[in-house]
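A short write-up of the structure that comes next.
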Amino acid sequence: MLPKARPEIHCIRCTLFFANCVLLFGAPLFADNPYCASVDSNVESGVYSHSCVLDYSKYDLGPPACCPRGTLFQWSYGTSFSGGPNLDEPLVTDRPDFTEASSTVGRDVAQLEAGYTFVFDDDGTTRTKSHSYPEPLLRLGVIADWLELRVGWNYAGTDDGFLQNSGAEDLYLGFKIGLTPQEGILPEMALIPQMTVPTGSGVFTGEEVLPGVNWIYGWEINDFISTAGSTQFNRAIDEGSDAAAYTEWAQSWTVSYSLTDKLGAYTEWFAFFPHSAQTALPEHYFNGGFTYLINNDIQWDIRAGKGLNDAADDFFVGTGLSIRFR
């Protein structure tokens, strides 16, 4: 689910944090800071955690330095649309749907998302079964709330009844940049520069660095429904030719539903569009699934999907678990 756009901005700082606030505003711990309407603080394991509720009527140039923005840019200043991660809310995951979340995890936060997927395809001549696990994606908030380092790796196996292959896939590396918060009809957005590097084995490696970029945009409509889409292009290798490279575009659209405080669901369409490929064809899919929030930092998911054209795999099912560390 997409996070709500809220006026709270959550920041974690230590002694230097307090010193900066004193120098900038002449008031330790925001006690008399005209920019902050209220402050809650506590100490957990020696780390000071502050939640600043901003009074935007006090300034025109955006949030003060001691309450940094949760996104790199703002649609406008002097409003309550601060954006960014909210650690008081349940974690927001990139799985189980194809569309990534349009928010980052937050500075000094680590989030591990992993799972398993089974894929079946019958093209009329061979029946191929594929297994994908453990699908780990490690998301690390670095430098600022709006910047996230991403590292992914996977192990795959295929069996078409005649030939079996298994091995590690190429390492995935990327950064997610939280661009803007949602402000009315203007979307929450993020950008992911990404690539795979040739560390995989056998038929599962591209044998070269394959760069790409993913643009994500989302809206929370109300407390029950939210929607998001992604547009990306990546360099890919045509498996049916002499390892010729081409550009693969991907487009998706997802709708998420909050069924209860703990149970969520989604439906989604996504597709791949090869450009200048010799043998690769467009593939269209529809999928849906459920998420269950065990607590604010742990979420379990399940999903299933179906190919919508002949070039696509017939169907896939999967499950996974996401954990946030802070």
- Message: Cβ-Cβ under 6 Å, sequence separation 6+ or interchain: first residue in region 160-176 and of a type in the set (Ser, Thr, Tyr), partner part of a strand (DSSP E or B). Which pairs?
- Response: 166/157; 172/152; 172/196
- Message: Regarding region 252-265, can at least one residue be identified that is modelled with pLDDT of 95 or more, closer than 18 Å to residue 121 by Cα and either surrounded by 18 or more Cβ atoms within 10 Å (Cβ to Cβ) or aliphatic (A, V, I, L, M) (or both)?
- Response: no
- For region 242-269, what are the residues that are assigned to a strand (DSSP E or B) and hydrophobic (A, V, I, L, M, F, W, C)? 245, 249, 250, 253, 255, 263, 265, 269
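Just to verify a result, which residue in region 307-326, among those that are of a type in the set (Gly, Ala, Ser) and crowded, with 17+ Cβ neighbours inside 10 Å, is farthest from residue 97 (Cα to Cα)?
Among residues in region 307-326 that are of a type in the set (Gly, Ala, Ser) and crowded, with 17+ Cβ neighbours inside 10 Å, the one farthest from residue 97 (Cα to Cα) is 312.
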- Looking only at region 191-229, and only at residues there that are in a strand (DSSP E or B) and of a type in the set (S, T, N, Q), the one that is farthest from residue 257 (Cα to Cα): 196
- Restricting attention to region 86-104, which residues are more than 17 Å from residue 232 (Cα to Cα) and either in contact with a Phe, Trp or Tyr (Cβ under 9 Å, 6 or more places away or on another chain) or outside any loop (DSSP other than H, G, I, E, B) (or both)? 96, 104
- Item | residue 283 vs. criteria among the charged types (D, E, K, R) and more than 30 Å from residue 141 (Cα to Cα) | yes
- Query: Somewhere in region 288-296, is a residue among the aromatic types (Phe, Trp, Tyr), within 21 Å of residue 86 (Cβ to Cβ) and touching a residue at least 12 places away in the same chain (Cβ under 8 Å)?
  - Reply: yes
- Note on the structure: Checked pairs for region 223-244, first more than 24 Å from residue 266 (Cβ to Cβ), second in a loop (DSSP other than H, G, I, E, B) and among the β-branched types (Val, Ile, Thr), C-beta under 8 Å and 6 or more apart or across chains, list as 238/279; 239/279; 240/279; 241/279
- Meets criteria (surrounded by fewer than 22 Cβ atoms within 10 Å (Cβ to Cβ) and either small (Gly, Ala, Ser) or modelled with pLDDT of 95 or more (or both)) for residue 132: yes
- Scanning region 213-245 residue by residue, the ones that are modelled with pLDDT of 95 or more, hydroxyl-bearing (Ser, Thr, Tyr) and more than 24 Å from residue 302 (Cβ to Cβ) total 2
- Quick one: in region 224-250, of everything that is of a type in the set (Gly, Ala, Ser) and touching a strand residue (DSSP E or B) at 6+ places or on another chain (Cβ under 7 Å), which residue is nearest to residue 170 (Cα to Cα)? 236
- Just wondering, is there one or more residues in region 148-159 that are at pLDDT 95 or above, touching a helix residue (DSSP H, G or I) at 6+ places or on another chain (Cβ under 7 Å) and either surrounded by 14 or more Cβ atoms within 10 Å (Cβ to Cβ) or not polar (S, T, N, Q) (or both)? yes
- Does region 188-201 contain at least one residue that is of a type in the set (Asp, Glu), in contact with a strand residue (DSSP E or B) (Cβ under 9 Å, 6 or more places away or on another chain) and surrounded by 18 or more Cβ atoms within 10 Å (Cβ to Cβ)? yes
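The values are calculated or read from the model by the stated rules, or taken from the named source; none is laboratory data. Here the structure is a predicted model, which is why all the values come from computation and not from measurement. Don't worry about glycine lacking a Cβ; one is built from the backbone with ideal geometry, like all the others, and counts go over all protein chains shown.
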